[in-house]
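What follows is a short report on a single structure.
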Amino acid sequence: MVRKRRDSADGYLRSSTYQSAAMYLLQYNEFVYKDYNELLYGKTYSTSHIPTGTCIPFSKKIFVTVNGKLLPCERIGHQFALGEITDSEIQLDLQSIAEKYNYYYTKFEQQCKACYNRKACIQCIYNLPNIEEKTICHGYMSKKQFEMYEKSQLKFFARNPESYVRIMEEILKQ
Ligand code: SF4
C-alpha cells in the first residue's frame, strides 16, 4: 500500500505537467539563483546576446570519446567535435571553433531574437535535428505562445500551491 502510494507520487513528479512547472520556476522565479554570483550581484541577463542554451565551449566540461575526439558534452553528435587527442598531441584550433559556433549562432539569430522564451532558453542548437539543413527551433515561442505557456504554469500553481514549496525545497535545492 505504502509502495503503491510512493509509486504514484513518483509518477506525479515525473509527469510532464509537473516537470514543466519545475522548469518554469527554475527559469523565471526571481527567488531562484543559479550560483552565488547571481545571488550577490544580481542576474545579468542581457538581451543583446543570442541566448540559446548552447554551452560556451570549455565553460563547463570536456567530453573525450574512445577515439580521442573532444566534445563539449556527451550529448551531442561526434560531427561537432571541437578537436582531437592523438598519440602525440592535442589538436585544437580555437579560431575554427569560434567560427563554427558563430556560423551556427548566425543561422538561428533571427528566430532567437524574436523568441519570447529566450530569457530562459535551454535549447542546445547541436541537439536540434539537421542543423546544417534547417534552422528551425521547435522551442521557439511567439508572444502569444509564451503568454499561454506562462498562464498554464501559473494556473498549475494556483491549483497545486503545495507544489511550489515542494519544487523549491526538494527539487531546485538538489
Ligand atoms: S528560438 Fe529556440 S534556441 Fe532561440 S531562444 Fe528560442 S528556444 Fe532558444
_Compactness relative to 2.2 N^0.38 Å, alpha carbon Rg of segment 63-118_ = 1.42
*Kindly provide the pair-distance distribution of segment 84-174 built from C-alpha pairs, with 10 Å bins from 0 and whole-percent values in order of increasing distance.*
13, 27, 26, 20, 10, 3, 0
*Given only helices, namely DSSP H runs of n ≥ 4 each adding -39500 (n - 2.57), what is the per-residue ellipticity at 222 nm of the chain, to the nearest 500 deg cm²/dmol?*
-13500 deg cm²/dmol
*Straight-distance crosslink candidates among lysines, where the alpha carbon sits under 24 Å from K113 and sequence neighbours closer than 8 are dropped*: K34, K43, K100, K134, K143, K144, K151
*What is the dipole size for segment 128-174, taken about its Cα centre, with +1 at each Lys and Arg Cβ and -1 at each Asp and Glu Cβ, in debye to the nearest 20?*
240
*Compute the acute angle (0 to 90°) between the alpha-carbon long axis of helix 16-28 and the principal axis of greatest extent of the alpha-carbon atoms of the chain; round to the nearest 10°.*
70
*Pull up all non-local amide H partners of G83: gap of 5 or more, or a different chain, and H-to-H distance under 5 Å with H placed in the peptide plane.*
L70
*So how do E74, E109 line up by other beta-carbon neighbours within 10 Å, fewest first?*
E74, E109
_Report the gain in length on full extension from T106 to S20: 0.36 nm times residue separation, minus Cα-Cα distance, nm rounded to one decimal._
28.1 nm
*Considering the options M23, I62, Y164, tell which one lies farthest towards the positive end of the dipole of the chain, charges being +1 on Lys and Arg and -1 on Asp and Glu at the Cβ, about the Cα centre.*
Y164
*Jot down the per residue volume, in cubic angstrom and as a whole number, of the convex hull over the alpha-carbon atoms of the chain.*
177
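Read-outs throughout are calculated quantities, based only on the coordinates presented, and are distinct from any laboratory measurement. These figures come from a predicted structure and were not determined experimentally. Here the Cβ is made from the backbone with ideal geometry for all residues, glycine too, and neighbour counts use every protein chain on show.
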